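J.: Handing you a structure now.
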Amino acid sequence: MTITRLGLALFGLTMALSSCAVSLCDKDPTDPRCDQSPVPSDKLQVLPIRIPVDGAHVTVRLGNGPGTVVLRQGTKEVSVGALSDGVLEVHITGQMLAGAMISLGEAKVVVSRPGKADETAAIRIYAEPMFDPAVSYDNKQDGETPEGIVVKPTGGIWAFTSYPRSGSRAQHFVEFLLSSGQLMSRGAAFGNINFAAWSDRAALTVRQGNRLVTFSRDLFATSTPDAIQLDLCTLSPEQCSPLSITPDFAKVMGLATDARGTMLAVQSDQEVYVYQSSDQSPIDRRQQLQGGSSARTGQKVALGDLNGDGRVDLVTISDTGANVFLGQQSGTFTLDATLSTKLTGALAGSVPTAITMADMDVDGIDDVIVASGTSLQVVYPLANGTFTVSSAIGGLDSTDTIMVGAVDGKTNSGPDIAISSQKAQRIAVIVNQSSY
């Protein structure tokens, strides 16, 4: 009877620990405690596969004899230790990485064994974002509504805002700067140039090199289903003028651009199209996305390099899930059903109001920044094709635009996040204090 009770107790303890491990691994699949195979295999295993620049505990497993382990990045490398029984538990410190001049981005763990070919596993070195609480500016006090924002190259924000004028609405640029922890208005930018008084309050500002391209639309235009105006604004000198371009899209529900300003994604009421931009035109060669691209109510689009291959990818997210389209060498996009399913799982329970893509942890791969409700989260892609999600950043309200850049003007720290909300008539900045 005693043995039976002991067995049941051990079984209960095992189940409790297993339940705890499942919860942990759902949150962070790269945690070493998630590895359920303690016996070294013939395949190299390294956990975690993301290592912060200030160091982390790393587990290396590989069977079939002893070997030496190094962390290598190009021609630079640092000795990590040696495998004896097929397992190496080691703490890689920030001093070790700095001493070997290992920088942020892709790296490899390499195991060398006598008489055998080297075994390698890809990892990434990253800078953990350290976000301050959101700092906001209430546009209601100015009687204005933010419709689009862009991070200035030298720090600060340009907000594309609308304000009442003679019974209608006009639009112009307003400059904001961070000063002593406060977000302050510097007044009108670009000579207070007034744009067309569109009935619909929606616009996107795209930065391409030394210029801004603004997209404004009117859902209630009488001549066309959805009138579009494009304005080209140069940064030096600050001036804007309408572009003599007739867009070949009639109705727009969403717009996105990649950080380099080389592509523009346009979401219509039916499909998503991607345009190559050029020095002559922000909407040049067009292609339609195939598979999973039908527009849905509330769908958001973002462009960025999700897998680190140097090509622009596209992500769409709605309350029914996510679609990931990987950019191909030919310039086309292909739906990746596996990544789509995994990204959908990582975002389970969120109803997005805005998304963008940017490299928040400076590891060479763009991350997905998603706003929903009163909070925002960063979704980090991992080298094994899965995703890990940051803790929620609160203090927001109905975010509909997200832009990323050095709002605080610091180039040696992680990128900051700027947001705007038409409903709340507010813009806000989340400063990233991580340094590298």
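J.: Search the structure for amide H atoms under 5 Å from the amide H of ASP258, placed 1.01 Å from N in the peptide plane, and list their residues when 5 or more places away or on another chain.
T.: It is MET263, by chain and number.
J.: Any idea what the alpha-carbon Rg over 2.2 N^0.38 Å comes to for segment 332-385?
T.: Working: Rg = 11.8 Å, N = 54, 2.2 N^0.38 = 10.0 Å.
Working it through for segment 332-385, the quotient is 1.18.
J.: Enumerate the calculated ³J(HN,Hα) couplings along segment 123-130 in order (Karplus 6.51 cos²θ - 1.76 cosθ + 1.60, θ = phi - 60°), each rounded to whole Hz, writing x wherever the residue is Gly or Pro.
T.: With the stated coefficients, segment 123-130 comes to 9, 9, 9, 9, 9, 5, x, 10 Hz.
J.: A follow-up question, please. Check GLU271: other-chain or 5+ apart residues with amide H under 5 Å from its amide H, H built from backbone geometry?
T.: For GLU271, the qualifying residues are ALA295.
J.: Roughly to the nearest percent, how much of the accessible area of segment 303-342 is carbon and sulfur, given a 1.4 Å probe?
T.: Carbon and sulfur atoms account for 47 percent of the accessible area of segment 303-342.
J.: Separate question: What lysines does LYS76 reach when the alpha-carbon gap must be under 17 Å and sequence neighbours fewer than 8 apart in one chain are set aside?
T.: Reachable lysines: LYS108.
J.: While we're here: If you average the C-alpha positions of segment 409-436 and of segment 38-97 separately, how far apart do those two centres end up, in angstrom?
T.: Taking the Cα centre of segment 38-97 as reference, the centre of segment 409-436 is 35 Å away.
J.: Next question. Once R0 is set to 45 Å, what does the formula 1/(1 + (r/R0)^6) return for the Cβ-Cβ distance between GLN239 and LYS43, expressed as a FRET efficiency to the nearest 0.05? Each step should come with its number before you reach the end.
T.: On the way: r = 60 Å, r/R0 = 1.33.
Efficiency computed from Cβ-Cβ geometry: 0.15.
J.: Where does segment 40-129 land on Rg/Rh, using Cα atoms and the Kirkwood Rh?
T.: On the Cα set of segment 40-129, Rg over Rh gives 0.95.
J.: So what J values fall out for segment 424-431 if you push phi through Karplus, 6.51 cos²θ - 1.76 cosθ + 1.60 with θ = phi - 60°, rounded to Hz, Gly and Pro as x?
T.: 8, 6, 8, 10, 8, 10, 10, 7
J.: Going by average Cβ density within 10 Å per residue, which order do the peptides 357-366, 325-334 take, highest to lowest? Let's see the in-between values first.
T.: Details: 357-366: 23.2, 325-334: 16.3.
With the highest mean Cβ count within 10 Å placed first, the list reads 357-366, 325-334.
J.: Could you provide, to the nearest whole Å², the per residue accessible area of segment 56-182 with probe 1.4 Å? Working shown, then result.
T.: Numbers: 5630 Å² over 127 residues.
Normalised by residue count, the accessible surface of segment 56-182 is 44 Å².
J.: Another question about this same structure. Restricting to DSSP loop positions (anything but H, G, I, E, B) with no more than 14 other Cβ atoms inside 10 Å of their own Cβ, which trypsin sites (Lys or Arg not before Pro) remain in segment 367-436?
T.: Details: sites: LYS410, LYS423, ARG426; in loops: LYS410, LYS423.
Passing both the DSSP loop test and the Cβ count: LYS423.
J.: Label segment 300-436 by shape, choosing from rounded, prolate and oblate, from the square roots a ≥ b ≥ c of the eigenvalues of the Cα gyration tensor; if a/c is under 1.5 it is rounded, and otherwise prolate applies when a/b is larger than b/c, oblate when it is not. Intermediate results must be reported in sequence, preceding the final value.
T.: Working: a/c = 1.78, a/b = 1.26, b/c = 1.41.
Verdict is oblate for segment 300-436.
J.: In sequence order, what are the phi-derived ³J(HN,Hα) couplings for segment 77-90 according to the Karplus relation 6.51 cos²θ - 1.76 cosθ + 1.60 with θ = phi - 60°, rounded to whole Hz, with x for glycine and proline?
T.: Rounded to whole hertz, the list is 7, 9, 6, 9, x, 9, 8, 10, 9, x, 10, 10, 10, 8.
J.: Between SER330 and LYS108, with labels modelled 7 Å along Cα→Cβ, what's the label distance in nm to one decimal, could you check?
T.: Once both label points are built, they end up 3.0 nm from each other.
The values are calculated or read from the model by the stated rules, or taken from the named source; none is laboratory data. Since the structure is predicted, the reported quantities are computational estimates derived from the model, not experimental observations. Here the Cβ is made from the backbone with ideal geometry for all residues, glycine too, and neighbour counts use every protein chain on show. Areas reflect the complete protein model, heavy atoms only, side chains present, ligands, DNA and RNA absent. Shrake-Rupley method; radii C 1.70, N 1.55, O 1.52, S 1.80 Å.
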